[in-house]
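The block underneath contains the structure these notes are about, expressed in structure tokens.
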Amino acid sequence: MDNIFDFTKISDACVKCGKCKPVCTIFSINQDEATSPRGFIDLLGAYKEGKLELDKNTKNIFESCFLCTNCVEVCPNSLPTDMIIEQVRNDIRKKFGLAWYKKSFFFLLKHRKTMDILAKFGWVFQTCALSLDHKKQSALPRFSLPIIKKNRALPFSAKQSFLKKYPENIKAKIQNKDTKKVAIFIGCMSNYAYTSTGDALVKILKTLDIDIFIPKKQACCGAPAYFTGDFKIVDYLIKKNIEYFETWIDDVDAIITAEATCSAMINTDWEHYLHDQKSWGLRAKKIASKVFLASKFLQEQTNLEEILKSKNKIFDEKITYHDPCHAKKMQGVWAEPRKLLSANYKLVEMSDSNRCCGFGGITMQSNNYHLAKKAGIPKAKMIQETKTQIVSAECSACRMQITNALHLEGSDIIFKNPIELIAKAL
Ligand code: SF4
Ligand code: SF4
């Protein structure tokens, strides 16, 4: 597949103003021009013109970007640094291949039934390798493994996946012409690990008397493979989902997900990926128009905020809210979760809710874990400075990364998806 953008044109459009450098997550760690947005753009331009070879050094450079989109937000020309890096990662994958554990993980994303069996198996045997903390919904490895070091907080398998737990249809009690019907896209992490997020979403939709549809054959949105450059898997997952969604899309008012990365992937990146496959691109566009981050849909298209306010209840726990890169920067969602949460919680803003937590994708969490750690610690520190008991963000990748960063800082602050906190108030 051809690259999505004209790298040379983008490189020429960079006016070298440097506005992107202070906000760049990797530049804040490395302080090196080569790993800054304008450095990436320069190198990518040279690479496309055949003046730069993809070797181990350039591979490491292009794999050090967190894809946080901070640079795009401040760039006067909105240059899509993150997206051209996503494209070059496909070339890297073609030239260098993928590590065995990435291949295995993507195989599982492609084969949901095998993943279901493995998750169940994981639930039975995980306590042999992990020490579980149910309050924090995280686990510590009992010993170091090749990719996972001992002092690292990880998610663990739930007893039953979200998709197995609920029936496909949960009907609203009152049926009339105004009854809405909403499909839930759960996302892999909330399906297998953070299942309390899906439970909370079902509870909220039941309270709102909305027909719930849980499409059982939904596959991974493709985001983990897209950010790693495995476009073969991305192609397979996107098309499998499109063909399946089309069998019911006209029957629902919306598809909602409490996962910023999944919603951004489906409502924006599917189209980017399919830019040179016109008919598939149009099919993706139709689906995208119905895909919403849960807080946005609930705040704008239901009376949930009113219901929450009518409870006249403010919890003792204070909350601080982190803005996932894929929610605020990619989808403009930041006010909606705050409006819903502030009905029943005291919100304390951290010094920079926009600062990327440092999750960065699979490569960042494996080969480049040392960088993810360096990006996570400042985020954990600013969360601690708020003196709150809970940090919230509508994204399970942020949840995994922030929970670990707080653990490394010895903090007792727990992480909750805003949907869980909202459901608690009902
Ligand atoms: S996406 Fe983030 S880490 Fe990558 S160049 Fe832009 S600001 Fe830096
Ligand atoms: S902000 Fe945009 S134009 Fe300015 S240096 Fe960065 S990438 Fe180039």
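The values are calculated or read from the model by the stated rules, or taken from the named source; none is laboratory data. Just so you know, these numbers come straight off a predicted model, no measurement behind them. Cβ: placed from backbone, ideal geometry, glycine included. Neighbour counts: every protein chain shown.
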Inset, instruction - Quick one: count up the residues across the range 19-54 that are within 13 Å of ligand 2 (Cβ to nearest atom), farther than 16 Å from E86 by Cα and either of a type in the set (D, E) or in contact with a helix residue (DSSP H, G or I) (Cβ under 7 Å, 6 or more places away or on another chain) (or both). - result: 7
Legend entry - Within the range 184-227, considering residues that are among the hydroxyl-bearing types (S, T, Y) and touching a residue at least 40 places away in the same chain (Cβ under 8 Å), the one farthest from A425 (Cα to Cα): Y226
Legend entry - Residue check for F106: at pLDDT 85 or above, surrounded by 21 or more Cβ atoms within 10 Å (Cβ to Cβ) and under 27 Å from C325 (Cβ atoms): yes
Legend entry - Residue pairs meeting the criteria (Cβ under 8 Å; at least 6 apart or on separate chains; first closer than 16 Å to K217 by Cα, in the range 163-182; second loosely packed, with under 15 Cβ neighbours inside 10 Å): L163/K216; E168/K216
Inset, instruction - Test A258 against the stated conditions and say whether it is under 24 Å from Y194 (Cα atoms), at pLDDT 95 or above and surrounded by fewer than 22 Cβ atoms within 10 Å (Cβ to Cβ). - result: no
Legend entry - Enumerated helices (runs of 4 or more DSSP H) restricted to the range 185-258, each holding at least 1 residues that are out of contact with any His (no Cβ under 9 Å at 6 or more places or on another chain) and closer than 30 Å to I414 by Cα: 188-192, 195-207, 223-228
Legend entry - Answer from I41, I92 - the residue that is outside the structural domain of F231 (by TED's automatic domain parsing), among the aliphatic types (A, V, I, L, M) and more than 14 Å from C20 (Cβ to Cβ): I92
Legend entry - Every residue from the range 36-72 that is closer than 17 Å to N90 by Cβ and among the hydrophobic types (A, V, I, L, M, F, W, C): F40, L43, L44, L52, L54, I61, F62, C65, L67
Inset, instruction - Out of F143, F121, F156, report the one residue that is exposed (fewer than 11 other Cβ atoms within 10 Å of the Cβ), without any contact (Cβ under 8 Å) to a residue 60 or more places away in the chain and not assigned by TED's automatic domain parsing to the domain that holds K206. - result: F143
